[in-house]
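Structure first, commentary second.
The values are calculated or read from the model by the stated rules, or taken from the named source; none is laboratory data. Bear in mind that the values here come from a model prediction, so they are computed numbers and not experimental data. Cβ coordinates were reconstructed from backbone atoms using ideal geometry, including for glycine residues, and neighbour counts include every protein chain displayed. With ligands, DNA and RNA removed, areas are computed over all heavy atoms of the protein, side chains included. Shrake-Rupley method; radii C 1.70, N 1.55, O 1.52, S 1.80 Å.
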Amino acid sequence: MSERIVTMPRSTDQFVVTERPVPTLTDRYRPLPDGITSYDLLVIRANEVRTGDVVTAFFTEGPGIRRMEHVPEPFAAHPRPFGTCPQQCEECATTHLFGGTTDRYMCLNTADDYTNCAIVYPNAPVAIIPADTAAEFPPLHSVPPLPHLFTLDDEEIGPYEALPVPRAWSPFATISVTRATAEQIAADLPTTHAGRHLTCHWLHDTLLIASDPRLRTDPGRPGRLIQPDADGRYRIGGLWRWEEWSVPSCPDCGAETEPVDVEGERVWRCTAPDCTRRTYGTGDPKDDDELPSYTETDEDGATIAYHGTGEIDIETTAELAAQDDPDEDEQDAE
């Protein structure tokens, strides 16, 4: 990813500006409208942000080199004093709990049904697209929102893409999915713990989710009939607990992981430079004992064997080294 360094008046810090990450399973950042690049951005203090400026990122703590932290959803700013949240959102409640006051914080955008307030220090550096520049490009809402991801059985099954859900959404509420995703859920559900007493059938465009007749509280009802809405989407939920999917953390150091396919399986490896840990991401360390082993070649050309969790397999590595250098045993014998 290309980088450039920008400065800010009355600051000796250097701010690393990067292009917005391309959305992936792990990078859940809504793109900016077509045509906008990092060269359209300015770095200013939060108390200099004006109504209509598009906030795209904040920065790591200083002083010195401060790297960009992209916001998941760019937003048009509406600066206002802290403590005037009309929704009493979680972000405001947490800031109040830790002693937040109007003179120490400010709000760049107030909460709505889907997002919390954006609370910052007044002198915090912010990456923005000035309002007059943003007006030259398509509006923010022209970019479709990224779907939220949901799973079953403590994140073991899935994830499934669904339309973004509001802040007040609960795990037993419905999620809105496409026909293809509904078909995948119907195929997976009977194999899960959550759906062990359920069966799924398609009746043309209607999905029937039925429970074991012996467990029905109302024997006369066939089950839950789910029909497509006007947009052809299916609202599924209320029969089990949905889990909001997130990138697993490294079990050893707590850093974020990234996906890697190993022997046809999805595995997560730690992104920390000094950690080789791999995990299935289920939260149960016993599951990681089944991870497939692997080998890598170091900068000197030596082959290193690893257990599936990322720990070096010393015995296998030694055997591989002996195979690479067969003369070594003869020299030892002499």
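So if R0 is 51 Å, what FRET efficiency would Arg179 and Phe98 give, r being the distance between their Cβ atoms, rounded to the nearest 0.05?
0.65
Pick from Gly99, Gly281, Gly310: which residue has the top mean-square fluctuation in a GNM of the chain where Cα pairs under 10 Å get a spring?
Of Gly99, Gly281, Gly310, the Gaussian network model singles out Gly99 as fluctuating most.
Which of the three applies to the range 90-151, rounded, prolate or oblate, going by the alpha-carbon gyration tensor with a ≥ b ≥ c and a/c under 1.5 meaning rounded?
Because a/c hits 1.5 or more and a/b fails to exceed b/c, the range 90-151 counts as oblate.
Rolling a 1.4 Å sphere over the protein heavy atoms, what is the accessible area per residue of the range 1-86, to the nearest Å²?
54 Å²
Just from its helices, what would the mean residue ellipticity at 222 nm be for the chain, if runs of 4 or more DSSP H residues each count -39500 (n - 2.57) and the sum is divided by every residue, rounded to the nearest 500 deg cm²/dmol?
About -3000 deg cm²/dmol.
What does the net charge come to around Ala134 if you take all other residues with beta carbon closer than 11 Å to its beta carbon, with K and R at +1 and D and E at -1?
Net of charged neighbours comes to -4.
May I have the pair-distance distribution P(r) for the chain, computed from all Cα-Cα distances with 10 Å bins from 0 and rounded to whole percent?
Using 10 Å bins, I get a P(r) of 5, 17, 23, 23, 18, 10, 4, 1, 0 for the chain.
Among rounded, prolate and oblate, which fits the range 1-152 when a ≥ b ≥ c are the square roots of the eigenvalues of its C-alpha gyration tensor, a/c under 1.5 means rounded, and a/b larger than b/c means prolate?
Note, shape of the range 1-152 comes out rounded.
Could you compute how fast the range 111-259 diffuses translationally, taking Rh as the Kirkwood radius over C-alpha pairs and applying Stokes-Einstein at 20 °C with viscosity 1.002 mPa s? Give it in µm² per second.
Calculated translational D: 116 µm²/s.
Once you list every other residue whose beta carbon is under 10 Å from the beta carbon of Glu3, what net charge do they have if Lys and Arg are +1 and Asp and Glu are -1?
Residues near Glu3 contribute +1 overall.
Given a cut-off of under 8 Å on Cα pairs at least six residues apart, what relative contact order in percent is computed for the chain?
It comes to 11 percent, rounded to a whole number.
Give me the distance between the Cα centres of the range 171-215 and the range 265-323, rounded to whole Å.
Distance between centres, Cα-based: 37 Å.
FRET efficiency for Thr51 and Asp154, Cβ-Cβ distance as r, R0 = 45 Å, nearest 0.05?
0.55
State, to one decimal in nm², a quarter of the convex hull surface area for the C-alpha atoms of the range 263-307, i.e. the direction-averaged projected area.
Taking a quarter of the hull surface, the average projection is 3.8 nm².
Calculated FRET efficiency, Gln323 and Arg241, Cβ-Cβ r, R0 45 Å, to nearest 0.05?
For Gln323 and Arg241, the calculated efficiency is 0.30.
Which residue fluctuates most in the GNM of the chain (Cα springs below 10 Å): Gly238, Gly264, Gly64?
Of Gly238, Gly264, Gly64, the Gaussian network model singles out Gly264 as fluctuating most.
Please check: in the Gaussian network model of the chain (C-alpha springs, under 10 Å), which one of Thr317, Thr151, Thr192 has the largest mean-square fluctuation.
Thr317
Assuming a ≥ b ≥ c are the square roots of the Cα gyration tensor eigenvalues, decide whether the range 57-131 counts as rounded (a/c under 1.5), prolate (otherwise, with a/b larger than b/c) or oblate.
Since a/c reaches 1.5 but b/c is at least a/b, the shape of the range 57-131 is classed as oblate.
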